[in-house]
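A.B. asks: Here it is: the structure, laid out below.
The values are calculated or read from the model by the stated rules, or taken from the named source; none is laboratory data. None of the values given here were measured: they were computed from a predicted structure. Ideal geometry is used to build each Cβ from the backbone, glycine not excepted, and the neighbour counts take in all protein chains shown.
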Amino acid sequence: MLDELATLGYLSEDRYARSVVRQKEGAYSKRAIAGTLKAKGVTGEAAAEALADIDTDDQAALIALWLRKFGHPPKDEREKARQVRFLQSRGFALSAIFKLLREPPAT
């Protein structure tokens, strides 16, 4: 049944992968999106093609997400820990997060 639907073009792994990438782009790192695709059972080839469509790099996505969610440097260690945890949960590297918090962009 599923093979028949795929043959008719109603099911497409490529289309599904691109949809997931569009949904998560800008809010998650490429590494996190790739992990999501792998967990959903998308093949490596379809995932690689979908990830190649991402326009922004991880650094730009990290800055945009941080500005959208927080917009200001942490005022104390507790706030810093909260920001770090949130950004890590979105798949961004700890070194990139600490660099961002040391040298925050102008708001």
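A.B. asks: Only residues that are more than 14 Å from Ala47 (Cα to Cα) and either of a type outside the set (A, V, I, L, M, F, W, C) or touching a helix residue (DSSP H, G or I) at 6+ places or on another chain (Cβ under 8 Å) (or both): list them for segment 7-22, please.
C.D. replies: Going through segment 7-22, the residues more than 14 Å from Ala47 (Cα to Cα) turn out to be 7-11.
Thr7, Gly9, Tyr10, Leu11 - these are the residues of segment 7-22 that are more than 14 Å from Ala47 (Cα to Cα) and either of a type outside the set (A, V, I, L, M, F, W, C) or touching a helix residue (DSSP H, G or I) at 6+ places or on another chain (Cβ under 8 Å) (or both).
A.B. asks: Has segment 62-80 got at least one residue that is over 30 Å from Glu13 (Cβ atoms), among the charged types (D, E, K, R) and surrounded by 13 or more Cβ atoms within 10 Å (Cβ to Cβ)?
C.D. replies: First, pick out the residues of segment 62-80 that are over 30 Å from Glu13 (Cβ atoms): 63, 66-80.
The next check asks that each one be among the charged types (D, E, K, R); those that pass are 68-69, 75-80.
The next check asks that each one be surrounded by 13 or more Cβ atoms within 10 Å (Cβ to Cβ); those that pass are 79-80.
Yes.
A.B. asks: A follow-up question, please. Identify, from the list Ala93, Ala39, Ala47, the residue that is of a type in the set (A, V, I, L, M, F, W, C), surrounded by 15 or more Cβ atoms within 10 Å (Cβ to Cβ) and assigned by TED's automatic domain parsing to the domain that holds Leu11.
C.D. replies: Working: Ala93 fails: assigned by TED's automatic domain parsing to the domain that holds Leu11; Ala39 fails: surrounded by 15 or more Cβ atoms within 10 Å (Cβ to Cβ).
Ala47 is the lone residue from the list that is of a type in the set (A, V, I, L, M, F, W, C), surrounded by 15 or more Cβ atoms within 10 Å (Cβ to Cβ) and assigned by TED's automatic domain parsing to the domain that holds Leu11.
A.B. asks: Under 8 Å by Cβ, and 6 or more places apart or on different chains, what pairs join a residue from segment 1-16 that is within 15 Å of Asp53 (Cβ to Cβ) and assigned by TED's automatic domain parsing to the domain that holds Ala48 with one that is modelled with pLDDT of 75 or more and of a type in the set (Lys, Arg)?
C.D. replies: Tyr16/Lys40
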